[in-house]
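Some notes on the structure that comes next.
The values are calculated or read from the model by the stated rules, or taken from the named source; none is laboratory data. Computed from a predicted structure; not experimentally measured. Glycine also receives a Cβ, built like all others from the backbone with ideal geometry; neighbour counts cover every protein chain displayed.
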Amino acid sequence: MAKKTVDFNKSGAAKLPSDKPVVYKIQTAGGKTNYVGVAQRGRAQERIQEHLNAGKIPGAKVQIEQASSIAEARQKEQNIISRSQPKYNEQGK
């Protein structure tokens, strides 16, 4: 599946593809994952914008990985969360 990394800002969010569901990681400048989430097809840009507007999760870049279905994206999200234990994800979710 396709991967893409953009800056964690409005112009970076606008560059994200919207044709498939995605798993996204908000990362620090050093590459540490602060948050992992899922966006349905057509909502990747909107979800990143929601995080930017809330201002609760610090980050320098966003890395996305496209999935063929929302179920596949959610499974990948759970795998990443269990491996990396991101600071801003609710633990035990």
How about the range 13-43: which of its residues are within 15 Å of residue 2 (Cα to Cα), modelled with pLDDT of 95 or more and among the small types (Gly, Ala, Ser)? 39
Buried (at least 19 other Cβ atoms within 10 Å of the Cβ), of a type in the set (Val, Ile, Thr) and part of a helix (DSSP H, G or I): is that true of residue 48 in this structure? yes
In the range 15-63, how many are small (Gly, Ala, Ser), touching a helix residue (DSSP H, G or I) at 6+ places or on another chain (Cβ under 7 Å) and more than 18 Å from residue 75 (Cβ to Cβ)? 1
How many residues are free of Cβ contacts under 8 Å to residues at least 60 places away in the same chain and either basic (Lys, Arg) or out of contact with any Leu (no Cβ under 9 Å at 6 or more places or on another chain) (or both) when one looks only at the range 60-72? 6
So, residue 6, is that one touching a residue at least 40 places away in the same chain (Cβ under 8 Å), part of a strand (DSSP E or B) and within 17 Å of residue 89 (Cα to Cα) or not? no
Only one of (1) buried (at least 18 other Cβ atoms within 10 Å of the Cβ); (2) free of Cβ contacts under 8 Å to residues at least 24 places away in the same chain does not apply to residue 75, and that is (1)
For the subset of the range 51-72 comprising residues that are among the β-branched types (Val, Ile, Thr) and surrounded by fewer than 18 Cβ atoms within 10 Å (Cβ to Cβ), which member is farthest from the chain's Cα centre (by Cα)? 70
Matching entry among 14, 44 (being farther than 24 Å from residue 71 by Cβ and either more than 10 Å from the chain's Cα centre (by Cα) or in contact (Cβ under 8 Å) with a residue 12 or more places away in the chain (or both)): 14
Would it be correct to say that residue 82 is of a type outside the set (A, V, I, L, M, F, W, C) and either within 11 Å of the chain's Cα centre (by Cα) or part of a helix (DSSP H, G or I) (or both)? yes
For the range 10-28, give me each residue that is in a loop (DSSP other than H, G, I, E, B) and closer than 9 Å to residue 48 by Cβ. 16
